[in-house]
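Reading through the structure tokens given below for one structure.
Nothing in this text is a laboratory measurement; each read-out follows from the coordinates by a stated rule. This structure is a prediction, so every number in the text was calculated from the model and none was measured.
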Amino acid sequence: MNVRALSLFGLTTLLCPALVYGYAYTANDGKGGILTNQTTGIPIVWRENSAGFRFTFGSAFNTSSEVAMNDWNALGLRFQWQREENSQATPCDRTDRKNAAGWRTTTCEGEEFGDAIAITTRTYEAKGDVFYHVDTDIIVDSARKWSAYLPGPLTPDGFGGVVFHDFRRVLRHELGHAIGLDHPDEADPPQQVEAIMNSTTGDVEFLQNDDKLGAVMLYTFIDTSNDSVTDPGTSPSVNSAAKGGGGADGGWLLVGLGVLLATARRRHSRQIKG
Ligand SMILES: [Zn+2]
């Protein structure tokens, strides 16, 4: 290495401090359980390379959902969503292996949305001690007012003082959960990064580098394309850590994670969760 190259290297190093990414995800704990908001460990991912998703929001919001879906697909992950228009999937049937998203006035359990504006539920099935996604559903609070924003900052007090939530950025967030990502700002320790996957809404409207790297890590970390196990529907392992799920198969693990909290009225207080 000559002197000039050496000095360039030094300069480059000085100008490029270590990048810190804080994406978080749900990981297998290696004992038949799961750990949410992890930054290390084997992630829970989809075994398949694609899965259908049915949107039942009505034509305009379905189109917005598809835009959000395609943003994740555009990363070129081995896993790709397919818009599913003909299935009968409903977002509260969490063990039908069909993925759906739609409006709700309450949670699927009949509870208030509270501070949450949308909820993604992920259902896992175990193969040995490793869980995989088998079903995901998204519900969005229909009692709130929604709009598909033009690109730009969140303007929660626009439209005559009425709070409108941006449907598109919320769907981007929820679909990030649907592939396995969690909230980086809820990792331990909390990561302070720009990310659509942070737990509160804000001016971030598109997938950020942190989101993209997280997704890429998840779907290159485990490549199941050559996995010889082809019958995930039989003999699922009973998971002693299963909670909130159950079901006839015993191996289901239903986890209602990924609540995107509405803090649009506190957009300058992103560290404070609603
Ligand atoms: Zn969330």
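Between residue 63 and residue 186, residue separation times 0.36 nm minus the direct Cα-Cα distance comes to 41.3 nm. Here the extension length gained between residue 42 and residue 70 equals 7.5 nm, from 0.36 nm per residue of separation less the Cα-Cα distance.
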